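Heads up, the thing below is written out as structure tokens.
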Amino acid sequence: MATGSMYRVGVLGHGAIGSVVAEQLAAGTVHGAQLEGVILRRPQAGLEHEQLSWEAALERCDLVVECAGQQALRENAVCILASGVDLLASSMGALADPEFAAQVQAAGPGRLSSTAGAIGGLDLLGAAARMGGIDQVLVTTRKLPAILVQPWMDAQLRGELEQAAGPVEVFRGPAAAAAQDFPKSLNVAAAVALAVGDWDAVTARLIADPEAGLTEHRIEARGPAGEYSFSIKNHPSPRNPRTSGIVPWALLHSIRQAAAARR
Ligand SMILES: NC(=O)c1ccc[n+]([C@@H]2O[C@H](COP(=O)([O-])OP(=O)(O)OC[C@H]3O[C@@H](n4cnc5c(N)ncnc54)[C@H](O)[C@@H]3O)[C@@H](O)[C@H]2O)c1
């Protein structure tokens, strides 16, 4: 683990999320934090940032920010944490697998945290869960049909989605199953489940809507503490329509807070 006054950050993945996170860190817009480099699957010509091997990343970084997907998180989380490097995850849907969650929980001394990503209200839901438990949470996500097509879908379902003239319910079920079936689209249900500390309390509903120019998440929760309803509409990232443009900025906000806490 690196030491020093600046919080040194490695960015895992350089797609829609990672490229913005790396760009902003390199530009010095996150007080107290700096870009140490990016960690890629394979070297990329013409990239303006230093490309780190895993060996260099774990030696030089205080924090790795995962912006690379659930599989990349699964493959690297334990090693990162065991090296004493903190890990900030975007793809926390991977934690729906109890075996992986247990491995990560047992790993250290690095610490794992996850981003609020495309949504908000997690602090209030966490407080309500702590006060008296949450009886039920429904997370309804509405996205354009084309971006919800998954490799496991059969031709009929793909066709229904691609030609949908109105809203189609694609999924309704436990948050853990949602995060696994739609790994790039339902990390938000996972974020809610982690905030309330109960995967079984959270039901995810996914609607393919040809009118969904903005990606919408509606979170409805109730329990002894009260009744809550949040509606969030994000513009998709211009670099990847599956991802909301706000997500890298949520990560940058978390990095700034972590850097400040460290001082
Ligand atoms: N929490 C949230 O609200 C939220 C929202 C959107 C996306 N996400 C998560 O963030 C992930 C990234 O989103 P994105 O829009 O940037 O995707 P993207 O496809 O634009 O970019 C992903 C990048 O990661 C790279 N990558 C994949 N596996 C890698 C590995 N093992 N090592 C290094 N690089 C690897 C890819 O080459 C690609 O450049 C998604 O897969 C999703 O799990 C979370």
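Per-structure values
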item: Helices (runs of 4 or more DSSP H) wholly inside the stretch 144-263 containing at least 1 residues that are within 25 Å of Val64 (Cβ to Cβ); result: 175-181, 187-196, 247-262
item: Flag if Gly197 is open to solvent by 30 Å² or more (accessible area, probe 1.4 Å), among the small types (Gly, Ala, Ser) and touching a helix residue (DSSP H, G or I) at 6+ places or on another chain (Cβ under 6 Å); result: yes
item: Looking only at the stretch 1-20, and only at residues there that are of a type in the set (Val, Ile, Thr) and more than 23 Å from Ala82 (Cβ to Cβ), the one that is farthest from the ligand (Cβ to nearest atom); result: Val20
item: Members of the stretch 143-194 found to be aromatic (Phe, Trp, Tyr) and open to solvent by less than 80 Å² (accessible area, probe 1.4 Å), listed by number; result: Phe171, Phe182
item: Leading residue by the ranking (nearest to Glu162 (Cα to Cα)) among those in the stretch 209-224 that are surrounded by 24 or more Cβ atoms within 10 Å (Cβ to Cβ) and of a type outside the set (Val, Ile, Thr); result: His217
item: Answer residue from the stretch 62-118, given it is in contact with a helix residue (DSSP H, G or I) (Cβ under 8 Å, 6 or more places away or on another chain) and acidic (Asp, Glu) and is farthest from Trp249 (Cα to Cα) among those; result: Asp97
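The values are calculated or read from the model by the stated rules, or taken from the named source; none is laboratory data. Note that this is a predicted model, so its numbers are computed, not measured. Ideal geometry is used to build each Cβ from the backbone, glycine not excepted, and the neighbour counts take in all protein chains shown. Quick note on the areas: whole protein, heavy atoms, side chains included, nothing else; ligands and nucleic acids left out. Shrake-Rupley method; radii C 1.70, N 1.55, O 1.52, S 1.80 Å.
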